[in-house]
Structures are given as C-alpha cells and as structure tokens.
2 protein chains.
Amino acid sequence: MSVSPPPITRFERLQRLARRFPQLDTSGLETCITLLRLSNDLSDAYDASLARHGLSKGRFTVLVRLFSTSEAEDGRGLTPAELAENSCVSRATMTGLLDTLEKDGLISREDHPEDRRMYTVHLTPKARQLLEGMLPEHYRRVAALMSPLNEQERVTLRELLAKVSTGIPAFREP
Amino acid sequence: MSVSPPPITRFERLQRLARRFPQLDTSGLETCITLLRLSNDLSDAYDASLARHGLSKGRFTVLVRLFSTSEAEDGRGLTPAELAENSCVSRATMTGLLDTLEKDGLISREDHPEDRRMYTVHLTPKARQLLEGMLPEHYRRVAALMSPLNEQERVTLRELLAKVSTGIPAFREP
DNA sequence: TCCAGATGGTTAGCCACCAAATCATCGACC
DNA sequence: GGTCGATGATTTGGTGGCTAACCATCTGGA
C-alpha cells in the first residue's frame with residue numbers, strides 16, 4: 001500500500017514555472033492574478049445584488065447616470081453615445097440595453113431637438129421609484145463592502161490601481 | 001445668444017447623490033468604481049493579448065495549469081472538476097472549454113483509472129509547443145504591466161485587495 | 001446485497017457583451 | 001447647392017459565461 005506524495009502547492013508550481021521561464025516576474029504575476037480574481041468575485045457579487053431588482057451592471061449604470069444627471073441638470077436627457085461612453089460599453093451594447101429598459105418601462109426615447117440622427121434618453125417615473133427604493137440599500141451594501149478599509153487605505157488602493165492602469169498600454173504592446 | 005452652462009463633473013454628481021442618499025459612502029463608492037473599471041480594462045487587455053494566440057482567459061488558464069502540473073508531477077493529468085475549481089468557472093463551462101480545446105488538438109481526454117464517471121485531461125505536444133512559444137512573451141508583458149509598482153507596493157496592493165475580498169460576504173447579505 | 005443520496009460530466013437554454021456591416025443624417029467643402 | 005466623408009444608432013452573428021435539469025457512476029449504510 002503506497003503513501004501518496006505530499007500535494008504540490010500553487011506556490012511551488014509557480015516557482016517551477018519561473019525557473020523555466022526567466023521572463024516570469026513572480027510577484028508581478030501573483031499580484032496580477034490576485035487582482036483578476038478579486039475583480040471576478042466582486043463583479044459576480046455586484047451582479048447578484050443587482051439581479052434582485054431585475055437589473056444588470058449595465059442597466060443599473062445607465063439608470064443611475066440618468067438619475068444623477070437629471071437631478072443635477074433638471075431633466076436633461078443623455079444620448080446613447082454619451083451613455084455608452086459613461087458605462088464603458090460599446091454603442092451596439094447600449095442599443096440592446098436601452099431596448100430592454102424601454103420594454104420594461106424604465107426609460108423613454110425622445111427626439112433630439114437638434115440632430116435627427118440621435119435621440120435623448122429619459123427616466124420614467126417607474127424608474128425613479130425603483131431607484132429611490134433600492135439605492136439606500138445598495139449604497140449601504142457598498143459601504144459595508146469597503147468598510148474593512150480605512151480612509152487612508154482607500155486612498156492608497158486608488159493610487160496603486162492608478163499605477164497599474166498606467167501599465168496597461170505596455171501590456172498591449174506587440 | 002445664450003452661453004452654455006459649465007459642465008457638471010462626475011464628482012459633483014456624486015456629491016449631489018450623497019446628499020440625497022446619506023447611506024452613500026463617497027470614498028467607498030469611488031474606490032469600488034475605480035476597482036471595477038480597472039478590472040474591466042485589465043481583463044480586456046488580457047483577453048486581447050491572448051486572442052493573438054487563439055486563446056481566451058479560460059482556455060489559457062486550463063492549458064497553463066495542465067502544463068505546470070505535468071512539469072511538477074511528471075505527466076499527471078487533472079479532472080474537469082479540478083480544472084473548473086482552479087480556473088474559477090463552472091463545471092458546465094469547463095465542459096465547453098475542453099470540447100473546443102480537444103477539437104483544436106490541444107488537449108486529450110483519457111479514462112480515469114479509478115472512477116468511470118471521470119476522465120483525466122492531458123496536454124498534447126501541439127499545446128506544449130504553443131505554450132513554450134508564447135509564455136516568454138506573455139510573462140514579459142505581465143512584468144511590464146506591473147513594473148510601475150515596486151516590491152513593497154505590490155505587497156500592499158495584495159493586502160488591500162485581500163481586505164476588500166473580506167467585505168464581499170457583507171456585500172451579498174440581505 | 002442493494003438502494004439512496006452524493007458526486008461528476010453533459011445538455012439545453014439564457015444573458016451580456018462585442019465587432020463588423022448597414023443605414024440615416026449631418027456638415028463642410030467645392 | 002450638391003456631394004462626400006464623418007458621425008450616430010441599429011442589426012447581425014459570434015463568444016464566453018451561467019443555472020438548472022439530466023444521466024451515469026460511486027459509496028455508505030440498512
């Protein structure tokens with residue numbers, strides 16, 4: 001009866017790879033993987049939370065952006081292109097988001113006063129009611145998520161993330 | 001002729017929202033949004049980089065995991081469930097990934113010696129050749145991505161991310 | 001020994017997102 | 001004033017991921 005060998009850890013496998021590929025920067029890869037995994041987990045949690053209200057990240061982002069703009073600039077609507085830019089999705093995706101939001105009675109499309117290629121998007125009363133009902137809870141959740149970090153740590157985290165983002169162009173290079 | 005009013009900044013809209021919803025923790029939300037945006041950008045860059053070699057994040061993760069395991073434990077294969085766990089995807093998704101990897105001649109499925117419900121997954125020589133060709137370049141890229149952070153900053157970033165991840169369960173709560 | 005529940009892989013159907021091609025309109029220039 | 005490139009929205013077709021329901025196999029207890 002043979003005894004099974006001790007399991008190889010993730011760290012050991014990484015060390016071996018690093019020996020074989022000298023270009024591998026162990027701490028950099030470790031950090032990158034940590035970041036990608038957390039992103040995934042956070043993104044999933046965010047989606048699950050919004051799903052209770054029949055929303056996705058994209059739908060929610062659109063509604064909140066419309067809400068905050070209309071609060072600040074009294075009823076101003078936004079164009080699909082502005083919303084796509086703000087939500088970091090393609091314009092094609094925005095068309096789809098707006099279609100379903102309109103079907104659900106949460107937004108309306110209105111003629112753009114100056115340019116007939118475009119239209120402006122506005123929240124319906126139903127959407128305002130939905131947001132006013134859910135945002136307190138949602139913001140409470142986000143506050144709970146971030147509560148393990150004190151003010152200084154939050155600043156530091158944002159700074160470090162900003163540094164990583166400066167590296168992205170280099171990542172994309174030939 | 002009227003002069004258009006100054007544009008409202010993202011920060012101003014956030015301030016207004018915070019006045020309206022006292023549950024809104026401005027610095028927390030700001031940090032959360034920064035994190036989600038960077039994740040998105042990084043994820044896109046990662047995908048674009050892998051796409052040059054006909055891979056996606058999921059496909060790549062599977063291949064590298066098989067590679068490093070077979071290096072460390074001389075030819076050991078992994079089961080779909082182990083791979084799904086390692087790659088943070090559902091088992092259903094893993095089935096799909098393995099189907100296309102097999103169709104592309106990058107992995108083979110072999111009978112599991114002890115349990116007929118399972119099989120083990122192995123890299124083909126073609127996959128080894130692909131990885132050996134692309135990994136030096138890939139790891140060089142990751143190193144470049146992380147080069148704006150020094151060693152201490154990387155440690156700090158990982159620690160802060162770990163703290164955020166402790167907040168995720170609270171985020172999911174009722 | 002045999003059956004019930006656990007476990008592993010697959011299937012079917014859904015959703016969010018994207019790029020590329022398409023169509024309408026705008027605006028600038030001859 | 002007409003034409004042509006730019007711009008905005010949409011359509012089409014494809015990818016990657018998920019859950020839920022399914023079937024096969026294993027395993028532990030009556």
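For the stretch B:68-85, which positions are out of contact with any Leu (no Cβ under 8 Å at 6 or more places or on another chain) and either near DNA strand D (Cβ under 8 Å from one of its atoms) or over 13 Å from residue B:120 (Cα atoms) (or both)?
Initial filter on the stretch B:68-85 (out of contact with any Leu (no Cβ under 8 Å at 6 or more places or on another chain)): B:72-76, B:79, B:81-82, B:84-85.
Of everything in the stretch B:68-85, those that are out of contact with any Leu (no Cβ under 8 Å at 6 or more places or on another chain) and either near DNA strand D (Cβ under 8 Å from one of its atoms) or over 13 Å from residue B:120 (Cα atoms) (or both) turn out to be B:72, B:73, B:74, B:84, B:85.
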I'd like the full set of residues that are within 12 Å of another protein chain (Cβ to nearest Cβ) and near DNA strand C (Cβ under 8 Å from one of its atoms), limited to the stretch A:63-90.
A:87, A:88, A:89, A:90
If we scan the stretch A:115-135, do we find a residue that is open to solvent by 30 Å² or more (accessible area, probe 1.4 Å), facing chain B (nearest Cβ under 7 Å) and not in a loop (DSSP other than H, G, I, E, B)?
no
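Where residues in the stretch B:40-62 are assigned to a helix (DSSP H, G or I) and open to solvent by 40 Å² or more (accessible area, probe 1.4 Å), which of them is farthest from DNA strand C (Cβ to nearest atom)?
So the first thing to find is which residues in the stretch B:40-62 are assigned to a helix (DSSP H, G or I), and the list is B:40-51, B:57-62.
In the following step, the residues that additionally are open to solvent by 40 Å² or more (accessible area, probe 1.4 Å) were identified as B:40-41, B:44, B:47-48, B:51, B:57, B:61.
On the way: B:40: 8, B:41: 11, B:44: 8, B:47: 9, B:48: 9, B:51: 10, B:57: 14, B:61: 16 Å.
If we take residues in the stretch B:40-62 being assigned to a helix (DSSP H, G or I) and open to solvent by 40 Å² or more (accessible area, probe 1.4 Å), then B:61 is farthest from DNA strand C (Cβ to nearest atom).
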If we scan the stretch A:9-32, do we find a residue that is under 30 Å from residue B:132 (Cα atoms), among the aromatic types (Phe, Trp, Tyr) and surrounded by 15 or more Cβ atoms within 10 Å (Cβ to Cβ)?
yes
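Residue check: is residue B:39 touching a residue at least 12 places away in the same chain (Cβ under 8 Å) and out of contact with any Leu (no Cβ under 6 Å at 6 or more places or on another chain)?
Working: touching a residue at least 12 places away in the same chain (Cβ under 8 Å): no; out of contact with any Leu (no Cβ under 6 Å at 6 or more places or on another chain): yes.
Against the criterion (touching a residue at least 12 places away in the same chain (Cβ under 8 Å) and out of contact with any Leu (no Cβ under 6 Å at 6 or more places or on another chain)), residue B:39 does not qualify.
I'd like the full set of residues that are open to solvent by less than 60 Å² (accessible area, probe 1.4 Å) and near DNA strand C (Cβ under 8 Å from one of its atoms), limited to the stretch A:91-111. Even if it seems obvious, please write down each step before you answer.
Going residue by residue through the stretch A:91-111, those that are open to solvent by less than 60 Å² (accessible area, probe 1.4 Å) are A:94, A:96-98, A:100-101, A:104-108.
Hits for the stretch A:91-111 are A:94, A:96, A:97, A:100.
Give the residue, chosen from B:141, B:158, that is within 12 Å of another protein chain (Cβ to nearest Cβ), part of a helix (DSSP H, G or I) and at pLDDT 95 or above.
On the way: B:141 fails: at pLDDT 95 or above.
Only one candidate qualifies: B:158.
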Selected residue [open to solvent by 30 Å² or more (accessible area, probe 1.4 Å), out of contact with any Gly (no Cβ under 8 Å at 6 or more places or on another chain) and in a loop (DSSP other than H, G, I, E, B)] from B:76, B:65, B:37
B:76
Are there any pairs, at least 6 apart or on different chains, whose C-beta atoms fall under 7 Å, with the first in the stretch A:94-115 and on the phi > 0 side of the Ramachandran plot and the second open to solvent by 70 Å² or more (accessible area, probe 1.4 Å) and not acidic (Asp, Glu), and if so, which?
A:105/A:126
So residue A:129 clears everything in (1) over 12 Å from residue A:59 (Cβ atoms); (2) within 12 Å of DNA strand C (Cβ to nearest atom) except one condition, right? Which one?
(2)
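Please enumerate the residues belonging to the stretch B:91-111 that are near DNA strand D (Cβ under 8 Å from one of its atoms) and more than 14 Å from chain A (Cβ to nearest Cβ).
Initial filter on the stretch B:91-111 (near DNA strand D (Cβ under 8 Å from one of its atoms)): B:91-94, B:96-97, B:100.
Scanning the stretch B:91-111 gives B:91, B:92, B:94, B:96, B:97, B:100.
The values are calculated or read from the model by the stated rules, or taken from the named source; none is laboratory data. Please read these numbers as outputs of a predicted model, since none were measured by experiment. Neighbour counts run over all protein chains shown; Cβ positions are idealised from the backbone, glycine included. Accessible surface is based on the protein model in full, side chains and every heavy atom, while ligands, DNA and RNA are left aside. Shrake-Rupley method; radii C 1.70, N 1.55, O 1.52, S 1.80 Å.
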